[in-house]
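The values are calculated or read from the model by the stated rules, or taken from the named source; none is laboratory data. Model, not experiment: these values are computed from the prediction. Reconstructed Cβ throughout: ideal geometry from the backbone, glycine too, with neighbour counts over all protein chains shown. Protein only, heavy atoms only, side chains kept; ligands, DNA and RNA dropped before computing areas. Shrake-Rupley method; radii C 1.70, N 1.55, O 1.52, S 1.80 Å.
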Amino acid sequence: MRLVFAGTPEVAVPALDALIASERHEVVAVVTRPDAPAGRGRRLVASPVAERAEEAGIEVLKPNRPRDEEFLARLREISPDCCPVVAYGALLPKVALDIPARGWVNLHFSLLPAWRGAAPVQHAVLAGDEITGASTFLIEEGLDSGPVYGTVTEEVRPTDTSGDLLTRLAFAGSGLLAATMDGIEDGTLQAAPQPADGVSLAPKLTVEDAQVDWAAPALRVDRVVRGCTPAPGAWTVFRGERLKLVAVRPLPGEDGLAPGGLAVGKNHVHAGTGSHAVELLWVQPQGKKPMRAADWARGVRIAPGERLGAADVR
């Protein structure tokens, strides 16, 4: 089939690579979000998908909105058979959905109908799911509600961050998307409607969602830190400033600390929660690079009675 691939971030690149490598299909163009400011200089930078497509000599389309008439006209000229999608980052209007003969097929990083929305991997970690996966489905106008072509499953490991899990799913899902294109092309694959039961939503996490509540159990604190890593980044407050929490470890049986209370040893920092303590492994103070929590504690010289989350953030 003639394919137009839609995607934007690094997590979409493995799927693009898999389709470029396919001997059965041709990626004739790529649709991605416009160049965006990045870095301290805030210069405009092309998306990872755009960079990969340009390396491969593939035409790149960067509409401000996918309903822009110039973009739609070019898509009609290209006349793709199918448009595979991975994390494109914009809603597709019906006028665009109707152009490819076999529709737009999305690779979504959950086992649908669970975790429909922008942050399925983060919510799977936050919820403590033991198994998640990826699904390919035919895009409709509803939110991730279209019929499903296929799935792959992936274990959520006890120490997984969202970034760890998403990386594995990106590679497992790339094979699923390529196989889905094969099945659609040869007629051996039919999409099945999603069940009505088991629907859950996964909206984008906000900075407020990533603030750690030290009155919550240690298990919840650990999930928030892992689920919000690398973005938006779990955080707390110390001496009126934000302190990013990069990694923690629950310490079953270690209690006696009030929520947010700190116990500092030569090579460790423990923090109290609503249940047992957690060990702070890596933190990142404002304006600094990530560092071991024990090194941070030595530098700030924590006084008796100081605790995390104790004051308004500046």
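Here are some notes:
- Selection of segment 241-257 for residues being closer than 15 Å to His276 by Cβ and either surrounded by 15 or more Cβ atoms within 10 Å (Cβ to Cβ) or among the basic types (Lys, Arg) (or both) yields Val248, Arg249, Pro250, Leu251, Glu254, Leu257.
- Among the numbered conditions (1) more than 21 Å from Ala15 (Cβ to Cβ); (2) in a strand (DSSP E or B), the only one that Val152 does not meet is (1).
- Scan of segment 187-199 for residues that are surrounded by fewer than 16 Cβ atoms within 10 Å (Cβ to Cβ) and closer than 30 Å to Ala231 by Cα, ordered by number: Asp197, Gly198, Val199
- Yes/no for Asp222 being touching a residue at least 24 places away in the same chain (Cβ under 8 Å), out of contact with any Leu (no Cβ under 7 Å at 6 or more places or on another chain), assigned to a loop (DSSP other than H, G, I, E, B) and open to solvent by less than 40 Å² (accessible area, probe 1.4 Å): no
- Flag for Thr236 being of a type in the set (S, T, N, Q) and either open to solvent by less than 30 Å² (accessible area, probe 1.4 Å) or farther than 30 Å from Ile20 by Cα (or both): yes
- Failed item, numbered, when Gly146 is tested on (1) open to solvent by less than 20 Å² (accessible area, probe 1.4 Å); (2) assigned to a loop (DSSP other than H, G, I, E, B); (3) under 23 Å from Val125 (Cβ atoms): (3)
- Taking residues in segment 279-308 that are more than 20 Å from Thr161 (Cβ to Cβ), and partners anywhere that are among the charged types (D, E, K, R) and open to solvent by 40 Å² or more (accessible area, probe 1.4 Å), the pairs with Cβ atoms closer than 7 Å and at least 6 places apart or on different chains are Gln286/Glu241; Gln286/Arg242.
- Number of positions in segment 26-61 that are among the basic types (Lys, Arg), out of contact with any Ser or Thr (no Cβ under 6 Å at 6 or more places or on another chain) and modelled with pLDDT of 95 or more: 1
- Any hit, segment 116-125, residues being open to solvent by 40 Å² or more (accessible area, probe 1.4 Å), touching a Ser or Thr at 6+ places or on another chain (Cβ under 7 Å), more than 30 Å from Pro158 (Cβ to Cβ) and not basic (Lys, Arg): no
- When Ile99 is tested against (1) among the β-branched types (Val, Ile, Thr); (2) touching a Phe, Trp or Tyr at 6+ places or on another chain (Cβ under 6 Å); (3) in a loop (DSSP other than H, G, I, E, B), just one condition goes unmet, and that condition is (2).
- Of the residues in segment 278-296, at least one is at pLDDT 95 or above and over 29 Å from the mean Cα position of the chain (by Cα).
- Candidate set: segment 72-90, residues that are assigned to a loop (DSSP other than H, G, I, E, B) and open to solvent by less than 50 Å² (accessible area, probe 1.4 Å); chosen: the one farthest from Phe5 (Cα to Cα): Ala90
- Where Gly253 falls short, out of the listed (1) over 22 Å from Cys228 (Cβ atoms); (2) assigned to a strand (DSSP E or B): (2)
- Note on segment 258-277: residues that are open to solvent by less than 50 Å² (accessible area, probe 1.4 Å) and β-branched (Val, Ile, Thr) total 2.
- Taking every residue in segment 76-104 that is closer than 21 Å to Thr8 by Cβ and pairing it with any residue that is of a type in the set (Phe, Trp, Tyr), at least 6 positions away or on another chain, the pairs with Cβ-Cβ distances below 7 Å are Cys83/Trp104; Pro84/Phe5; Val85/Trp104; Leu92/Trp104; Leu97/Trp104.
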